[in-house]
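Peer 1: First, the structure itself, so that you have it in front of you.
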Amino acid sequence: MDAYLAGLATESVSETTRDIDLCSTQEMVEMMNREDARVAEAVHAECGHIAQAVDLIYGCLRRGGRLIYLGAGTSGRLGVLDASECPPTFGVDPAMVQGFIAGGDRALRHAVEGCEDSAEDGERLIDELAVGADDAVVGITASGSATYVLAAMRRVKARGGVAIGLCTNAHTRLEEICDVTVAPLVGPEVITGSTRLKSGTAQKMVLNMFTTCAMIKLGKVYGNLMVDLRASNKKLVDRSQRLIMHATGASPEAAARALEAADGHTKLAILMVKTGRDAARAQRLLDSCEGRLRQAIQIAEEEDRNV
């Protein structure tokens, strides 16, 4: 028996759910809901570390680097999920945020036994990605001890990259390696050791914060609107037009015309409507502001006042 694993809170037996197999369906659901309600509190307790991690990630992305997630099992799947949602949400290149799971893409659908114990695979991944000083790598492991993740994170540090840990236990081996570690303490799982439950929920909440807050800092959001959106299908065209209307007060017809003139780029269309610039002038203004819509609008307003 591994004394380290035996001492983890997420591996201990929950007293509050010990008799869940005797419960009615309604009682089971309510019991799980009560346990899940504790996750947000655990994440809140880590807000300071989350903010530190976001600033490190933002710094790397602003310098042209990448955010790379890696993990095994549920942890790996959650990283891949968060990475895959960044391009459609924020209009970024898929290479900016990448997710990897021990065992490769096959492990996304099927359990690949033993892969999380391979230090060689973790080290090889970091070398193949040519991780450097401008890259932030997030190692995700509920226990804070998956060999694949620990080896990869040591390799990240050796290559000069930024190492960020995400686990759901205190004082882990992961924490000893990383520049900052986020560790929401969710306690014992509803089903002992099933870290796809509260641990997985906490990890997803933290990953949401990592990418969303970093993208806001990069200017991908205007107010609370998801404006760095390319309207590439019917649903997104409709969403883009509503965003333009909300941001500018334009009519549906005017929003549609602006979106077409902007070749489907929501942010560009908003700037055109707000400032009266054509697509070419508006794009040059956006580029000069590193894509920050609010700053571009302010500059245009100042220019118009000085005319």
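Peer 1: What is the residue count in segment 172-185 for residues that are in a helix (DSSP H, G or I) and open to solvent by 40 Å² or more (accessible area, probe 1.4 Å)?
Peer 2: Qualifying residue count for the region: 3.
Peer 1: Here is a further query. Would you mention how many residues in segment 145-171 are part of a loop (DSSP other than H, G, I, E, B) and either touching a residue at least 60 places away in the same chain (Cβ under 8 Å) or within 22 Å of residue 62 (Cβ to Cβ) (or both)?
Peer 2: Of the residues in that region, 8 qualify.
Peer 1: Please enumerate the residues belonging to segment 145-168 that are closer than 19 Å to residue 45 by Cα and modelled with pLDDT under 95.
Peer 2: Scanning segment 145-168 gives no hits.
Peer 1: Please work out which residue is farthest from residue 33 (Cα to Cα), limiting yourself to segment 201-219 and to residues that are open to solvent by less than 40 Å² (accessible area, probe 1.4 Å) and not small (Gly, Ala, Ser).
Peer 2: Selected residue: 218.
Peer 1: Also, I was wondering about something else. Scan segment 193-215 for residues that are over 17 Å from residue 94 (Cα atoms) and of a type in the set (A, V, I, L, M) and report the count.
Peer 2: Of the residues in segment 193-215, the ones over 17 Å from residue 94 (Cα atoms) are 193-206, 209, 213.
From the residues that got through so far, the ones that are of a type in the set (A, V, I, L, M) too are 197, 202, 205-206, 209.
Within segment 193-215, residues that are over 17 Å from residue 94 (Cα atoms) and of a type in the set (A, V, I, L, M) number 5.
Peer 1: If the requirement is being basic (Lys, Arg), open to solvent by 20 Å² or more (accessible area, probe 1.4 Å), in contact with a Phe, Trp or Tyr (Cβ under 9 Å, 6 or more places away or on another chain) and part of a helix (DSSP H, G or I), which of these qualifies: 284, 257, 242, 294?
Peer 2: 294
Peer 1: Those residues that are modelled with pLDDT of 95 or more and either part of a helix (DSSP H, G or I) or open to solvent by 60 Å² or more (accessible area, probe 1.4 Å) (or both), I need them from segment 94-105; list them, please.
Peer 2: Passing the criteria: only 94.
Peer 1: Residue check, residue 81 against (1) out of contact with any helix residue (DSSP H, G or I) (no Cβ under 7 Å at 6 or more places or on another chain); (2) in a helix (DSSP H, G or I); (3) open to solvent by less than 60 Å² (accessible area, probe 1.4 Å); (4) among the aliphatic types (A, V, I, L, M), all met but one. Which one?
Peer 2: (3)
Peer 1: Continuing with this model, one more query. Mind counting the residues in segment 1-27 that are open to solvent by 70 Å² or more (accessible area, probe 1.4 Å), more than 27 Å from residue 183 (Cα to Cα) and either in contact with a helix residue (DSSP H, G or I) (Cβ under 7 Å, 6 or more places away or on another chain) or outside any loop (DSSP other than H, G, I, E, B) (or both)?
Peer 2: Adding up the residues that qualify gives 5.
Peer 1: Only one of (1) modelled with pLDDT of 95 or more; (2) surrounded by fewer than 17 Cβ atoms within 10 Å (Cβ to Cβ); (3) touching an Asp or Glu at 6+ places or on another chain (Cβ under 9 Å) is not met by residue 87, so which one is it?
Peer 2: Evaluating residue 87 over (1) modelled with pLDDT of 95 or more; (2) surrounded by fewer than 17 Cβ atoms within 10 Å (Cβ to Cβ); (3) touching an Asp or Glu at 6+ places or on another chain (Cβ under 9 Å) leaves (1) as the failure.
Peer 1: Right, here's the next one. Just give me the residues in segment 84-112 being out of contact with any Gly (no Cβ under 7 Å at 6 or more places or on another chain) and among the β-branched types (Val, Ile, Thr), in sequence order.
Peer 2: 89, 92, 97
Peer 1: Moving to a separate point now. Any chance segment 51-65 includes a residue that's within 30 Å of residue 266 (Cβ to Cβ), of a type in the set (Gly, Ala, Ser) and in a loop (DSSP other than H, G, I, E, B)?
Peer 2: Within segment 51-65 (the criterion being within 30 Å of residue 266 (Cβ to Cβ), of a type in the set (Gly, Ala, Ser) and in a loop (DSSP other than H, G, I, E, B)), the answer is yes, since at least one residue qualifies.
Peer 1: Something else now. Report, ordered by the first and then the second residue, all pairs with beta carbons closer than 7 Å, sequence separation of six or more or different chains, a first member in segment 194-206 that is under 17 Å from residue 31 (Cα atoms), and a second member that is surrounded by fewer than 24 Cβ atoms within 10 Å (Cβ to Cβ) and charged (D, E, K, R).
Peer 2: Note: pairs meeting the criteria are 198/35; 198/36; 201/36.
The values are calculated or read from the model by the stated rules, or taken from the named source; none is laboratory data. Small disclaimer: the values here were computed from a predicted structure and weren't measured. Reconstructed Cβ throughout: ideal geometry from the backbone, glycine too, with neighbour counts over all protein chains shown. Protein only, heavy atoms only, side chains kept; ligands, DNA and RNA dropped before computing areas. Shrake-Rupley method; radii C 1.70, N 1.55, O 1.52, S 1.80 Å.
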